[in-house]
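Read the structure below first, then the notes.
The values are calculated or read from the model by the stated rules, or taken from the named source; none is laboratory data. On a predicted model such as this, the values are computed, not experimentally measured, just so you know. Every residue, glycine as well, gets a Cβ built from its backbone with ideal geometry; the counts of neighbours run over all protein chains shown. These area figures cover heavy atoms from the full protein model, side chains too; ligands, DNA and RNA do not enter into them. Shrake-Rupley method; radii C 1.70, N 1.55, O 1.52, S 1.80 Å.
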Amino acid sequence: GSLKALLARRLEIPPSATEGECLALVAARRPAPEVALFRRLTAAWIGLAYGHSAPGREPLEALCRDWPAVFGDRNGV
């Protein structure tokens, strides 16, 4: 969902971009609130996908709570 929102906001992300490359693009071209949340989302994803470690309940709930304010309801996302 975050990548879809960023694409809708005209951030060009190559289809082959890694997590780190996506994060670098966001950090270089998007406002601080988007960067901060995307950094947290990326860390949670990397921990789960590669470290097989799910985020704790509180960090996951915080991500779910914060996401709509940063990435939701703009451009049909």
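Numbers below:
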| quantity | calculated |
| --- | --- |
| Within the accessible area of the chain (1.4 Å probe), percent carbon and sulfur | 59 |
| Sparsely packed GluC sites (Glu not before Pro) within the range 9-66, loop by DSSP, other Cβ within 10 Å at most 12 | GLU12 |
| Relative contact order, percent, the chain [alpha-carbon distance under 8 Å, six or more residues apart] | 41 |
| Where the chain is the region considered: accessible area per residue in Å², 1.4 Å probe | 67 |
| Calculated P(r) over Cα pairs in 5 Å bins from 0, in percent (choose from [x] 3, 17, 32, 28, 17, 4, 0; [y] 3, 15, 24, 20, 13, 10, 8, 5, 1, 0; [z] 3, 15, 26, 25, 19, 9, 1), label | [z] |
| Solvent exposure, largest accessible area first (probe 1.4 Å, DNA, RNA and ligands not counted), of TRP67, TRP45 | TRP45, TRP67 |
| Label-point gap, in nm, between ALA54 and ALA36 - each point 7 angstrom along Cα→Cβ | 2.7 |
| Gained length - GLU12 relative to ALA43, 0.36 nm times residue gap less alpha-carbon distance | 9.1 nm |
| Per-residue [θ]222 nm for the chain (sum of -39500 (n - 2.57) over DSSP H runs n ≥ 4, rounded to 500) | -21000 deg cm²/dmol |
